[in-house]
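In what follows, a structure is listed as structure tokens, so that the remarks can point back to it.
The values are calculated or read from the model by the stated rules, or taken from the named source; none is laboratory data. All figures in this text were calculated on a predicted structure; none of them were measured in a lab. Cβ sites come from the backbone with ideal geometry, for glycine too, and all protein chains shown count toward neighbours. The accessibility values were calculated without ligands, DNA or RNA, using every heavy atom of the protein model including side chains. Shrake-Rupley method; radii C 1.70, N 1.55, O 1.52, S 1.80 Å.
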Amino acid sequence: MIIPKMRAVEENGLKLYQWRIFDAFEADVVFSLTCRLGGESDFPSSSLNLGHTVGDNQSSLIGNRRAVNHLLGAREETPWAYCNQVHGNRIVSVDAEFSQKDVPYEEADGLILSDADIVAAVFLADCLPVAVYDPYEKVGALCHAGWKGTLSGIAASAVEALVKRGCRRANLLAAAGPGIGTCCFNVGEDVAAMFLKKHALASAVSQDTSGIFRIDLEQANLNMLKTAGLRENQLGRGGFCTACRPDEFFSYRKENGKTGRHAALMMLKG
């Protein structure tokens, strides 16, 4: 059975959600999803913006990251590794020395992390996070999955990247979502057709009584993880639509593109 629930952590006006699928290994790894509450950013980033491409000033970003680091239990100055996201399926391994420079990895949408004292981050505003972890090898992957990344199989790519590093599929735990849900994500017939052509993704497409196509991106990514060899008892999910929670999360679609970014985060503990 897929574990659906997340739990909330709140402190000093900030709020994180964490996937219960990873709870048994909280001494070794932290996976979290931030909210927009709190922080130092001004509108339109309001207020705990963590994205580096939305016109926010650097001092606010630094302050927001430090606040999140504190809530994660990290040092205030713990560096973040992140990408210039391009809605693809490229995954890069974090180089500890490179991440200290606070320069994004170019044109990638996923990170593999095997070193402690680094926060791996992907930035979201409707798109979904996909997290994968091997508790035996103590290595994880974190991905940004919009509809294009989902279609290109980034969730499966994360599993394959970890297997190439020596991880066993049977040992992996993974979670997909939350992000924009079926309730809010209607698409054109052209996008629906691309999903319908892929066996693993076809069941995530529906058509309502008015003829509008909708896609369940969370289920689509869970299907991709199953296709990559994971069983249901290895999987967790977000279980809610972030676009339906405007007080907690940013939404590119609902806010007409003028919004900030919340983040999915992964940190290995030393």
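Descriptive notes on the structure:
- Of the trypsin sites (Lys or Arg not before Pro) in segment 136-231, those whose Cβ has at most 12 other Cβ within 10 Å and which sit in DSSP loop: R168, K197, R231
- Listed residues C184, N256, N221: farthest to the positive end of the dipole of segment 178-263 (Cβ charges): N221
- Shown here for segment 1-103: GluC sites (Glu not before Pro) in loop regions (DSSP other than H, G, I, E, B) with at most 16 other Cβ atoms within 10 Å, namely E26, E76, E77.
- Calculated translational diffusion coefficient of segment 1-116 (10 °C, 1.306 mPa s; Stokes-Einstein with Kirkwood radius over alpha-carbon pairs) equals 102 µm²/s.
- Percentage relative contact order, segment 158-270, counting C-alpha pairs under 8 Å, at least six apart: 31 percent
- Counting DSSP beta bridges with both ends in the chain, the antiparallel % (nearest 5): 75 percent
- D190 contributes an accessible area of around 100 Å² to the protein surface, as traced by a 1.4 Å probe with all chains present.
- Inter-centroid distance (Cα atoms) of segment 12-40 relative to segment 231-267, Å: 13 Å
- Prolate/oblate/rounded label for segment 182-270 (Cα gyration tensor, a/c 1.5): oblate
- Of all accessible heavy-atom area on segment 52-138, the percent that carbon and sulfur account for (1.4 Å): 45 percent
- For S93, solvent-accessible area (1.4 Å; no DNA, RNA or ligand), Å²: 60 Å²
- Within straight-line reach of K254, meaning a Cα separation under 24 Å, sit the following lysines at least 8 residues removed in sequence or on another chain: K15, K148.
- Stretching the chain fully between R165 and A202 yields a gain of 10.3 nm (0.36 nm per residue, less the alpha carbon separation).
- A Förster distance of 41 Å, applied to the separation of the beta-carbon atoms of R245 and E97, puts the FRET efficiency at 0.60.
- Its Cα gyration tensor gives the chain an equivalent ellipsoid, and the semi-axes of that ellipsoid, as √(5λ) in whole Å with the largest first, are 26, 23, 16.
- Its relative contact order, with pairs defined as Cα atoms under 8 Å and 6+ residues apart, puts the chain at 26 percent.
- Volume of the convex hull of segment 73-152 (Cα atoms only), normalised per residue: 100 Å³.
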